[in-house]
Amino acid sequence: MTLASVAATPTATFQALKCKECGAEYELKAQHVCEYCFGPLEVAYDFSKLRGRMTREQIQAGPNSIWRYRDFLPVATDNPIDMGTGMTPLLQAKRLARRLGLKHLYIKNDAVNMPTLSFKDRVVSVALTRAQELGFTTVSCASTGNLANSTAAIAARAGLDCCVFIPSDLEAGKVMGTLIYAPTVMAVEGNYDQVNRLCSEVANTHGWGFVNINLRPYYSEGSKTLGYEVAEQLGWELPDHIVAPLASGSLFTKIYKGFREFVDVGLVADKAVRFSGAQAEGCSPIAQAYQEGRDFISPVKPSTIAKSIAIGNPADGVYALDIARKTNGQIESVNDAEIVAGIKLLAETEGIFTETAGGTTIAVLQKLVAAGKIDPDEKTVVYITGNGLKTQEAVQGYVGEPLTIEPKLDSFERALERSRTLERLDWQPVLV
Ligand SMILES: *Cc1c(COP(=O)(O)O)cnc(C)c1O
């Protein structure tokens, strides 16, 4: 590894790591906490090279992945790890909109992101590309499930050694979706916050690249692409309102940063975008602070089916709070039954099977509309961040069952008649 590969190249836009609290600047190495005030470090850029020069056409001529926005991301290489991550569909959701009473509703569908069907592929593609630039040969993460899937898959592709840490009570699909790539998997008997604390200690002693710990400043920048893509896919325009799930709060703050950067370099016109966040009631420290008018987060012990967003002590919680407040958005929470209903509603109206985080977001959307907090005329984008095939336990017992029949026409006809009778009786699976 040469020194030049570690530092930003002269043409690169990313310049330093900068403390979000005190503004102290650091070299572009693997570090996430300020040595003076313990604030979080963020990547600082010099966009003067792009301002007024970077064109929409240049971006559109780039790869059909997050790497079309490479000049806005903290990597120096011309050959980033590209598994086709990003550029997921932005779908106009007409049937869901009609059901809710909205006029202009869009779904950003990261349930079909590549390679592991969640938005985490964005952050990991950036983190592991940077990890290679910094000379790491072993990568790791503290995960609620999706991050482990993504880190293991993309590390396999890049030929990096991988060891991931997860809480031991994760859904079967999340565990298998990691094991298949043959990393070392540590199932920790504890919740995510305990996993994260353990990983901070390991990061200090082992010299590994933890995507969401010492590489966090680079990792988190990957979420900006959720902002860039929506702006591009809306025809180079910002929406009026976005609704997104909150775990650590990082993704939410980076969508905001992505929109601001596109305005800054002149790719889209400025506009006031409202930012609303979704949490599960069983783990809603940010929503509670929002509702109680507090500007600090009181950590909670998670208990919800929405495990992928169950972070009791969210690292970027206060920044998410601040964005929701200053943009005139909302932060709401919903209970587990509402989350299941949200998953089903999205599936039945739009043909998208999302996981519990997506169910949370849809249920919060519904709650905000019912409370008059979303104007039907607003162009609203809902971020669906993960895939339902990974959390099948959540809907087990809340969907219908196949009609088992003999391989004979009359058996089929009888079953069809029976199912129509059930429909006439307005049969619904019971939600408990
Ligand atoms: C990790 C995750 C989130 C939230 O991420 P943060 O950036 O920590 O807020 C949302 N949805 C899904 C499916 C996730 O896996």
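Read-outs: derived from the displayed coordinates by stated rules, not from any lab. Predicted model only: the values in this text are computed from it and were never measured. Glycine gets a Cβ as well: all are built from the backbone with ideal geometry, and neighbour counts include every protein chain shown.
Points to keep in mind about this one:
- Principal-axis tilt of helix 336-350 within the chain, Cα atoms, nearest 10 degrees: 80
- Note on Q291 and D375: their simple-model spin labels are 2.7 nm apart, each label 7 Å out from Cα toward Cβ.
- Potential extension, A156-A272 segment - 0.36 nm per residue separation minus Cα distance: 37.6 nm
- Distance-filtered residues of region 156-179 - backbone nitrogen under 11 Å, label point 7 angstrom along T77 Cα→Cβ: 158-160
- Region 139-178 shape via C-alpha gyration tensor axes, a/c threshold 1.5: prolate
- Residues whose amide H lies under 5 Å from that of A16, counting only those 5 or more places away or on a different chain, are A44; hydrogens are built 1.01 Å from N in the peptide plane.
- For region 1-116, the alpha carbon positions stretch 53, 36, 34 Å along the principal axes, listed from largest to smallest.
- Overall Cα dimensions of the chain - principal axes, largest extent first, Å: 74, 47, 46
- Straightening the chain between R260 and T184 buys 23.5 nm, computed as 0.36 nm per residue apart minus the Cα-Cα spacing.
- Nearest-ten-degree value, helix 192-206 long axis tilted from longest Cα axis of the chain: 30
- Cβ crowding within 10 Å, taken as a proxy for footprinting-reagent exposure, orders W208, W236 from fewest neighbours to most as W236, W208.
- Stretchable slack from R95 to S168, in nm (0.36 nm times residue separation minus alpha-carbon distance): 22.4 nm
- Share of Cα-Cα pairs in region 149-218 lying beyond 17 Å, as whole percent: 43
- Summarising the label geometry, the points placed 7 Å from Cα in the beta-carbon direction at S298 and K49 lie 4.8 nm from one another.
- When you restrict to C-alpha pairs under 8 Å that are six or more residues apart and normalise by the size of region 252-333, the relative contact order lands at 38 percent.
- Charges were assigned to the Cβ only: +1 to each Lys and Arg, -1 to each Asp and Glu. The resulting dipole of the chain about its Cα centre is roughly 620 debye.
- By the beta-carbon count within 10 Å of each Cβ, the least crowded to most crowded order of H32, H241, H104, H206, fewest first, is H206, H104, H32, H241.
- For the chain, relative contact order (Cα pairs under 8 Å, six or more residues apart, normalised by length) works out to 15 percent.
- For the pair T137 and A16, a Förster radius of 22 Å applied to the C-beta separation gives a FRET efficiency near 0.30, rounded to the nearest 0.05.
- Close amide H contacts of V188 (hydrogens built in the peptide plane, cut-off under 5 Å, sequence separation of 5 or more or a different chain): I166, S168.
- Dividing the C-alpha radius of gyration of region 179-297 by 2.2 N^0.38 Å, with N its residue count, gives 1.31.
- Approximate spin-label separation K103-T205, in nm, with each point projected 7 Å along Cα-to-Cβ: 6.1
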